[in-house]
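Worksheet for the structure shown next.
Every number here is computed from the coordinates shown, using simple stated rules; none is lab data. Here the structure is a predicted model, which is why all the values come from computation and not from measurement. Quick reminder, even Gly has a Cβ in these numbers, built from the backbone with ideal geometry, and neighbours come from all protein chains shown.
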Amino acid sequence: MRIGHYTNCYKPRINGVVRSISVFRQALLDLGHEVHVFTTGAPGYEDDEPNVYRYPAMPWDSAWIYRLPIPFSARLSRLSADLHLDVIHTHHPAMLGWVAAHHARRAGIPLVFTLHSQYQRYGAFLPVGGSMLASVARRFVLAFMRACQRVIVPTHAVRDQIIRDAPDIAGRIVVLPTPLPTEAFPHDPTRALRDTYHLNHHFTFAVASRLSAEKGLSELLQGFAALRRRRPDVRLLVLGDGPEREDLETEAE
């Protein structure tokens, strides 16, 4: 198949969406499919992968978005048509998601959407109007899903929430977690981690996450501090990086 991925973020950006696309892209290539990626421009970055096409973009001062795609390009619109794609897979419901929906409708081909984020939760980080934005985001994303032939979600919990909100699209939802390449890990990673961080005699909790506000790691640290007062032998291992790293390190101290 000829598959077109549309995403507002891609390399050199590092986050869960980019990681997921990269893993599935390589798996599809290994199976013999032809994969094309339409994404946001990244001035100064040279793609080391074939078939990556970038829309013009403008800087955006945000911890979550570092460049905002401008979803208009006659050249890329013609290119998408000329590729004769069999399916279009978008990873966002807006911006290049709009482009993906238009191109799929124009070509008469299926549109697949992966829900990587629960967008309504981002309203909690706004100083005002957060609850209203959350409600609007929820309705917008559900409407976008109704325009798709398949919706991929990472967990059964997310699937169940969507079905509660929109039972009419239950049959379109597929649970497909992002896989991990097992060859990237040693045979006994637990022992290596315990030896490196002197955890052999401690009951240890571990979390792997991008260190950003929406992940709720500050609340996790507060809860763990309460646990430590009752169980001084427990430890918390946080694996990851991100814009909140310095603040979280200070809080942990």
Diffing the range 31-37: the Karplus 3J(HN,Hα) column from phi (6.51, -1.76, 1.60, θ = phi - 60°), in whole Hz with x for Gly and Pro, holds 7, x, 7, 9, 10, 10, 10
Computed over the chain: longest principal axis from alpha-carbon atoms vs helix 130-146 long axis, angle to nearest 10 degrees, is 50
Final fewest-first order of Tyr53, Tyr45, Tyr10 on the 10 Å Cβ neighbour count is Tyr45, Tyr53, Tyr10
Figure the gain on full extension for Asp165 and Arg231 (residue separation times 0.36 nm, minus the Cα-Cα span) and round it to one decimal in nm. 19.8 nm
Could you work out the relative contact order of the chain? I mean the mean sequence separation of Cα pairs under 8 Å and 6+ apart, divided by the number of residues, in percent. 14
Between Ile173 and residues 5 or more places away or on another chain, which pairs have amide H atoms under 5 Å apart, with H built 1.01 Å from N, and which residues are they? Val151
For the modelled label position 7 Å from the Cα of Arg191 along Cα-to-Cβ, which residues of the range 210-237 have backbone nitrogen atoms closer than 14 Å? none
Given (1) 62, 43, 39; (2) 58, 48, 39; (3) 77, 39, 33 as candidate values of Cα extents along the principal axes in Å, which corresponds to the one derived from the coordinates? (1)
Test item: Cα-centred dipole of the chain, Lys/Arg +1 and Asp/Glu -1 on Cβ, debye: 820
Please arrange Ser80, Ser218 by counting, for each residue, the other beta carbons lying within 10 Å of its beta carbon, fewest first. Ser218, Ser80
